[in-house]
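A quick write-up on the structure given underneath.
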Amino acid sequence: MSLASHLDELQRKHGDIEREIDDAMNHPSVDDLEIVNLKRRKLALKDAIEKLRAQPTTH
C-alpha cells in the first residue's frame, strides 16, 4: 500500500469515527464510556496520520 493510499484510508476511518461520535452524542441512551473509547480511537488515528505526514518522502 502506498503512503498516499494509507493516509487516505486513515483519514476515511477518522471521518467515520467522527460521525459515530456525533451520532452517539445525539442518542442519550449511549454510554459515556463508549463515546470516550470512540474519541480515543479517533485521536489514535489522528496521531498515526500526523506521524505518516511527518515522515520524509523518498524518491
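Every read-out reported here was derived from the displayed coordinates using simple, explicitly stated rules and does not represent laboratory data. Everything quoted here is computed from the prediction, not taken from an experiment. Positions of Cβ are backbone-derived with ideal geometry, glycine not excepted, and every protein chain shown enters the neighbour counts.
Descriptive notes on the structure:
- Length-normalised contact order for the chain - Cα pairs under 8 Å, 6+ apart - percent: 47
- Degrees, to the nearest 10: 3-25 long Cα axis against longest axis of the chain: 10
- Rounded to the nearest 20, the size of the Cβ-charge dipole of the chain about its Cα centre is 340 debye, with Lys and Arg at +1 and Asp and Glu at -1.
- Along principal axes, Cα extents of the chain, largest first, whole Å: 51, 14, 13
- Local net charge near Lys13, Cβ-Cβ under 12 Å (Lys/Arg +1, Asp/Glu -1): 0
- Dipole of region 3-54 [Lys/Arg +1, Asp/Glu -1 at C-beta], most positive-end residue of Ile49, Asn26, Asn37: Ile49
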